[in-house]
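Presented below is the structure to which this report refers.
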Amino acid sequence: MTQTPETPPDRLSNDPRSPFYDEAALARDVGIRFKGVEKTNVEEYCVSEGWVRVAAGPARDRHGNPVTIKLKGAVEPYFRT
């Protein structure tokens, strides 16, 4: 898949330590539709593999990062602005 300026990356993470972190894409406010439903708690996604990682409530690990679960299904990223 060729990325154009109007196409969000195939894989994106909110975690600055991740190799898939892209500050420029996050600054453009990426929205996610997962299985046709708007999701606001997505920590990471991958379109080609068909999964999202979402925060599992207010739980945190021992390093203070949100505990996440991986959900599989159709992922549709888009730029809100």
key: Residue within region 33-46 that is within 23 Å of T81 (Cα to Cα), surrounded by 10 or more Cβ atoms within 10 Å (Cβ to Cβ) and among the aliphatic types (A, V, I, L, M) present   = yes
query = Listed residues V37, V42; which is touching a strand residue (DSSP E or B) at 6+ places or on another chain (Cβ under 7 Å) and without any contact (Cβ under 8 Å) to a residue 40 or more places away in the chain?
reply = V42
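Taking region 30-81 as the search range and keeping residues that are hydroxyl-bearing (S, T, Y) and closer than 22 Å to T7 by Cα, which one is nearest to the chain's Cα centre (by Cα)?
Taking region 30-81 as the starting set, the residues that turn out to be hydroxyl-bearing (S, T, Y) are 40, 45, 48, 68, 78, 81.
Then keep just the ones that are closer than 22 Å to T7 by Cα; that gives 40, 45, 48, 78, 81.
On the way: T40: 9, Y45: 4, S48: 13, Y78: 11, T81: 16 Å.
The residue in question is Y45.
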inquiry  = I need a count of the residues in region 47-81 that are surrounded by fewer than 16 Cβ atoms within 10 Å (Cβ to Cβ), of a type in the set (A, V, I, L, M), in contact (Cβ under 8 Å) with a residue 24 or more places away in the chain and in a strand (DSSP E or B).
reply    = 0
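Go through the residues of region 25-34 one by one and say whether even a single one is part of a loop (DSSP other than H, G, I, E, B) and at pLDDT below 95. Let's see the steps before the verdict.
Residues of region 25-34 that are part of a loop (DSSP other than H, G, I, E, B), as a first pass: 28-29.
Add one more test, that the residue is at pLDDT below 95, and what stays is 28-29.
Yes - at least one qualifying residue is present in region 25-34.
The values are calculated or read from the model by the stated rules, or taken from the named source; none is laboratory data. No experiment lies behind these values; they were computed from the predicted model shown. Here Cβ is always computed from backbone atoms with ideal geometry, including for glycine, and neighbour counts include all displayed protein chains.
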